[in-house]
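A quick write-up on the structure given underneath.
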Amino acid sequence: MGRLPVIVVAPPKNDVEPKATCRLNADVIYSPPVKVLVLSAAQLTGLVPMAQASEAMKAAFAELSGGRASAAPRVHVDVADAAGKTLIMGAHVPGQGLAAKVVSVFPNNRERGLPTIIGFVLVLDPSTGEPLALCDGTYLTALRTGAGTCASIDLLARRDARVGALIGAGGQAPLQLEAMDTARQLEQIAVHCPTASHAQRLVEQMQPRTRAQLRVASSPHDAVSQADVVVATTSSSTPVFDGADLQPGAHVTAIGSITRAMREVDEVVIGNSRIFVDSVPGVLQEAGELLHGIDAGITSAAQWTELGAVAAGTAPGRRSDDELTFYKSVGNAVQDVAIAQLALAAAEREGRGTWLEF
């Protein structure tokens, strides 16, 4: 057996030698040093206002729906022993940037006192592919998901919406509340969670940061029956409220379910709503409630409208005040690109983050 190659990261020896070479089976591989800005969740928090993030989501979705963005299908790596999965995704959005993300979704982490969603986002230079920043993916995922909700409400909910309902009080919930509060001038938002103490803790945490009056709802019916805007953020495998409880003209956004086995809304919502999605191909892979609706014969992909088409003005959004609208998001890497670029620019302006050279 021959000698194993030794890989060394080092600067060029002199001005004559190429700045970066890669020789197959060489003993030494020369590469220029890489300088990356590392941003933790604490350093990212508060960098990007929700309203700005929402506008970036609209632009990214418009590029995706217009066929100008490049987003590879999301790769699922199942971890059966831990009842979790790791997702790998990436995208390029012209004018916004290039990024890749690895995120793990492990629901049982709640029992360990850990976030159920953990990951990182790698921001790359779209002109060279060089890494620019490594960002905490747990916070950025919550922010970009909240920004998507904010965009959906802004584009689809009635302008006079005054009452909101949030179903779920997990890690995504705080920024979902902020999204609702940003998109409309809501007077009240009811929060329901099967564990009432979790809903109470969320209300106490978020009330100082929201314009709307927050309250704990005693049941799903109590939460949604008077709501103009409903947001579901759970990992439930069964519908979390009765669609018959919705009032005419309500708007529903569901962001929690991302597998065929998950369903946050029932057939009443699917059958009675105009349906909007972040990405038709993505939803056809992962949205349990819509896939169930297809199997039941009450909806089809041909009836769905991508939110990006509404944002771009190429498709209509809400058509009347009494129309029921439903937005389903499974998440798309273009969102990570948009939000990571905003966060990186803000971090550099404010001098946040730690530089790592290797």
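Each reported figure results from applying straightforward, stated rules to the coordinates on display, with no laboratory input. Everything numeric here is computed off the predicted structure, so don't read it as measured data. We place every Cβ from the backbone using ideal geometry, glycine too, and count neighbours over all the protein chains shown.
Worth a mention:
- Cα-based helix-to-principal-axis angle, 173-183 vs the chain, degrees rounded to 10: 70 degrees
- Between 0 and 90°, nearest 10: helix 50-65 axis offset from the chain longest Cα axis: 80 degrees
- Separation in nanometres of the label points that stand 7 Å from Cα toward Cβ, at ALA51 and SER218: 3.8 nm
- Distant-in-sequence amide contacts of VAL252, defined by a placed amide H-H separation under 5 Å and a gap of 5 or more residues or a different chain, comprise VAL230, THR325, PHE326, TYR327.
- Whole-Hz couplings from phi, Karplus 6.51/-1.76/1.60, listed for segment 350-356; x for Gly and Pro: 8, x, 8, x, 10, 7, 10
- Span from the segment 72-91 Cα centroid across to the segment 239-278 one, whole angstrom: 24 Å
- Within a Gaussian network of the chain (alpha carbon springs, distance under 10 Å), most fluctuating of PHE106, PHE276, PHE241: PHE106
- Rounded to the nearest whole Hz, the Karplus-based 3J(HN,Hα) values (6.51 cos²θ - 1.76 cosθ + 1.60, θ = phi - 60°) of segment 258-275 follow the sequence 9, 9, 4, 7, 9, 8, 9, 10, 9, 5, 5, 5, 4, x, 9, 10, 7, 9, with x at glycine and proline.
- The C-alpha atoms of the chain define a longest principal axis, and helix 137-156 lies at about 40 degrees to it.
- Neighbours of LEU37 by Cβ distance under 10 Å: Lys/Arg scored +1, Asp/Glu scored -1, total +1.
- Helical mean residue ellipticity (222 nm; -39500 (n - 2.57) per DSSP H run of 4+; nearest 500) of the chain: -9000 deg cm²/dmol
- Computing Rg and the Kirkwood Rh from the Cα coordinates of segment 145-332 gives a ratio, Rg/Rh, of 0.93.
- Loop trypsin sites (Lys or Arg not before Pro), segment 44-106, which have at most 15 other Cβ atoms in a 10 Å radius of their Cβ (DSSP): ARG68
- Residue among LEU175, LEU166, LEU114 with the largest mean-square fluctuation in a Gaussian network model of the chain, springs linking Cα atoms under 10 Å: LEU114
- Among VAL224, VAL277, the order by Cβ neighbours within 10 angstrom, fewest to most, reads VAL277, VAL224.
- Among ILE88, ILE189, ILE275: highest mean-square fluctuation, GNM of the chain, C-alpha pairs under 10 Å: ILE88
- Extension gain for ARG162-THR354 works out to 64.9 nm (0.36 nm per residue, less the C-alpha to C-alpha distance).
- Evaluating 6.51 cos²θ - 1.76 cosθ + 1.60 at θ = phi - 60° for every residue in segment 194-211, the Karplus couplings come out as x, 9, 4, 5, 5, 5, 5, 5, 5, 4, 5, 5, 9, 4, x, 9, 10, 7 Hz, glycine and proline recorded as x.
- Two-decimal ratio, the chain, of alpha-carbon radius of gyration to 2.2 N^0.38 Å: 1.07
- Per-pair calculated FRET efficiency, R0 = 35 Å: ALA345 and ASP321 via Cβ, rounded to 0.05: 0.35
- Calculated log₁₀ intensity ratio I(q)/I(0) where the Debye formula runs over C-alpha points of segment 175-277, q = 0.14 Å⁻¹: -0.53
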